[in-house]
Amino acid sequence: QLVSRDYKKTDTIIDLGDQIKIGGNHLTVIAGPCSVESQEQMMTSAAFVKAAGGQLLRGGAYKPRTSPYSFQGLEEEGLIYLRQAADRYGLKVITEVMDIEHVSEMTPYTDVFQIGARNMQNFKLLEAVGKTQKPVALKRGMAATVTDLLNAAEYIAAQGNLQIILIERGIRTFETATRNTLDLNAVPVLKELTHLPIIVDPSHGIGIRKHVPAMAKAGIAAGAHGVMIEAHPEPTLALSDGEQSLTPEMLQKLVPTLRRIHEIL
Ligand code: PEP
Ligand code: MN
């Protein structure tokens, strides 16, 4: 397996340019809204993500919503707002690609292709991003084992693209007190099995705004190379995932604590 530690002993470090690296001893903070909603929302978001100490700006332009009647994203218009906002504030872009047909048109707008949990085993999509030279962030499927996740990553690697980031975003369990169960066990287990960087997404992992900081801190303490956090200028007005999105103030307070935890490991 190309993604295994047996195949490659040293940690893979993904270099996004401008001193922004993911993996190894680097601590990466990805933050931004669930969905791109407007130009103003993305400019405001980029400003507070940068001020908080983030490196990458997130925001979905194509949204995999559970209901077909929920907001589906601004599509290409959203990609333009995301890119402009990130460039203005010196951030890199991560956004979800849902369809093979969008891979090439999205290429100039994003620095990292995000594969959503619902597409973790969309093997044709994995092969399509595997044929590009762009980093891919693969989110664990909500009913996927660690082995399933690594096999999905192997589909990307087998096409020649080894710039893969794994994201633990919570799995479905019998527990209903939280949106998902953030499987932090996966972090040390994955670090032993693979050389790829591992990011924790506490937002989808727990789904409750006030509890997101605790799980972000726990993710770094478990050894993750970074976090991906949903944050919105006005979470109560968000078009998706507002109930789990941090306010700018919460993000600002959290990031320095994550850096302190990372330093003592
Ligand atoms: C997201 O990051 O907003 C998202 C849709 O996540 P997931 O694919 O993990 O549900
Ligand atoms: Mn979301």
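Read-outs: derived from the displayed coordinates by stated rules, not from any lab. All values derive from a computational prediction rather than experimental measurement. Glycine also receives a Cβ, built like all others from the backbone with ideal geometry; neighbour counts cover every protein chain displayed.
Overview of values
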item: Among beta bridges that DSSP assigns inside region 67-223, antiparallel share in %, nearest 5; result: 5 percent
item: Sequence-distant residues sharing a close amide H with residue 231 (under 5 Å, placed H); result: 32, 34, 246
item: Expected 222 nm ellipticity per residue - DSSP helices of 4 or more, -39500 (n - 2.57), all of the chain, to 500; result: -10500 deg cm²/dmol
item: Separation of alpha-carbon centers, region 14-70 and region 190-265, rounded to whole Å; result: 12 Å
item: For residue 114, distant residues with modelled amide H under 5 Å away; result: 95, 96, 97, 137
item: Per-peptide average of other Cβ atoms within 10 Å, ordering 115-123, 198-206 highest first; result: 198-206, 115-123
item: Protection proxy ranking of 186-193, 54-61 - average other beta-carbon atoms within 10 Å, highest first; result: 54-61, 186-193
item: Cα shape, the chain, gyration tensor, a/c 1.5 rule; result: rounded
